[in-house]
1. Could you identify the single residue in 345, 321, 349 that is hydrophobic (A, V, I, L, M, F, W, C), more than 30 Å from residue 269 (Cα to Cα) and in a helix (DSSP H, G or I)?
2. Report, by residue number, each residue of the stretch 116-140 that is small (Gly, Ala, Ser) and either within 29 Å of residue 74 (Cβ to Cβ) or outside any helix (DSSP H, G or I) (or both).
3. Going through 350, 331, 345, 337 one at a time, which residue ends up being touching a Phe, Trp or Tyr at 6+ places or on another chain (Cβ under 6 Å), hydrophobic (A, V, I, L, M, F, W, C) and either within 15 Å of residue 291 (Cα to Cα) or assigned by TED's automatic domain parsing to the domain that holds residue 288 (or both)?
4. Looking at the structure I just gave you, is residue 220 within 23 Å of the chain's Cα centre (by Cα), assigned to a helix (DSSP H, G or I), among the polar types (S, T, N, Q) and within 23 Å of residue 160 (Cα to Cα)?
5. Out of all the residues in the stretch 346-354, is one or more over 21 Å from residue 209 (Cβ atoms), among the β-branched types (Val, Ile, Thr) and surrounded by fewer than 17 Cβ atoms within 10 Å (Cβ to Cβ)?
6. Restricting to the stretch 66-88, and then to whatever is farther than 15 Å from residue 110 by Cβ and surrounded by 12 or more Cβ atoms within 10 Å (Cβ to Cβ), can you tell me which residue is farthest from the chain's Cα centre (by Cα)?
7. Filter the stretch 241-274 down to residues that are free of Cβ contacts under 8 Å to residues at least 24 places away in the same chain and of a type outside the set (Gly, Ala, Ser) and give me whichever is surrounded by the most Cβ atoms within 10 Å (Cβ to Cβ).
Amino acid sequence: MSLPEAWLALRDRCLISSRFRDWAAAFPLTRFIARRNASAIFDLCNGFVYSQVLLACVQSGLLEHLRASRATLAGLAAILQMPADAAQRLIDAAIALQLVQRRGSDGQQALYGLGAQGAMIVGNPAVLAMISHHALLYRDLQDPLALLRGQLPSTLLREYWAYARNGAPSGLAAEGTSDYTALMAGSQALVAGEILAAHALGSYSCVLDVGGGNGQFLRSALTATPGLQAMLFDLPTVAHGSRAHFDATGLSSRVQITGGDFFKDPLPMGADLVTLVRVLHDHDDEPALQLLRAIRRALPPGGRLLIAEPMGSDGGAERVADAYFGFYLLAMGQGRARSPTEICALLTAAGFGGTRELTTHVPLQTRVLLSVVNPY
């Protein structure tokens, strides 16, 4: 047995032993570690309850109301349409999670306002939308073993992401794509600034955003980069719906919109940069490689590909990529979060090289890889 493995085996024996745990909790030099570990285990056990408290705070309108003004228990109970004792229970739980905090009194009753976490959440429409959307994920995870074993006939997330269950996604009607397109636009709004801060687009003449949804990222890019031209490619109904958003922002003259299926139809030519924003992780390895090869064919020599999405297995984002997205994409029915190393392997197989990771402000939220077309 190697020295590292021997050390881990000793660690396991100690942590399994109730006598050792009792000693560590009492000994002054290890007490803080024992308490920290106990708190972490408690959070693992109760994380689902925390998420349900958050969902209740959002769906009931509690956070939105406190955004406008402080309120008493009686006032909140009326707004939440629940008995005062139930409202107090929700408020107390929200206070414990820093979603709400006590803000003085009106002389007779305590007043409540937003907590630090609540203020950050309520000020971000994209996060609010994702919290509400997670109600589907929670229901799909009621029996995680059945999900892992492939024993569920269907999932709510697979039904929601229509292209994941449709063999011919280019034929989807607008009602089959509108909800998830809006949700995707919100998630792209979260990361557009991160991407543009990591890699300014002023040196490019035209950017093609593949799977660009309603154009949220491209509108941010065009606004930040005068003179840049753009192309958007997505399913026909999604691409058609994006036109109104560009018209509303006065950017329609700078964008070419094309509808199609990137697994079947050729991508538009003429861009010197292609962007994939939260797209690659939605697909398994073979389809992902097929997509990257299609992008390779659409780019000129020296053209570049920018990939932005959560990435796992290294860089400190394991909880988001490997735990959250691992199970989210399983419920969705396809895709997986990859590490930069795994994505680089796919890029190499597709004909790209010189791949490097760009620095982002919040790698937990998104990481960015930039790759160059290899010569034939």
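The values are calculated or read from the model by the stated rules, or taken from the named source; none is laboratory data. Keep in mind it's a predicted model, so treat the numbers as computed, not measured. Here the Cβ is made from the backbone with ideal geometry for all residues, glycine too, and neighbour counts use every protein chain on show.
1. Values: 345 fails: more than 30 Å from residue 269 (Cα to Cα); 349 fails: more than 30 Å from residue 269 (Cα to Cα).
Only one candidate qualifies: 321.
2. Once the filter is applied, which keeps residues that are small (Gly, Ala, Ser) and either within 29 Å of residue 74 (Cβ to Cβ) or outside any helix (DSSP H, G or I) (or both), the stretch 116-140 yields 116, 118, 119, 123, 132, 135.
3. Details: 350 fails: touching a Phe, Trp or Tyr at 6+ places or on another chain (Cβ under 6 Å); 331 fails: touching a Phe, Trp or Tyr at 6+ places or on another chain (Cβ under 6 Å); 345 fails: touching a Phe, Trp or Tyr at 6+ places or on another chain (Cβ under 6 Å).
Result: 337 is the single residue among 350, 331, 345, 337 that is touching a Phe, Trp or Tyr at 6+ places or on another chain (Cβ under 6 Å), hydrophobic (A, V, I, L, M, F, W, C) and either within 15 Å of residue 291 (Cα to Cα) or assigned by TED's automatic domain parsing to the domain that holds residue 288 (or both).
4. no
5. Yes - at least one qualifying residue is present in the stretch 346-354.
6. Residue satisfying both the conditions and the ranking: 78.
7. 243
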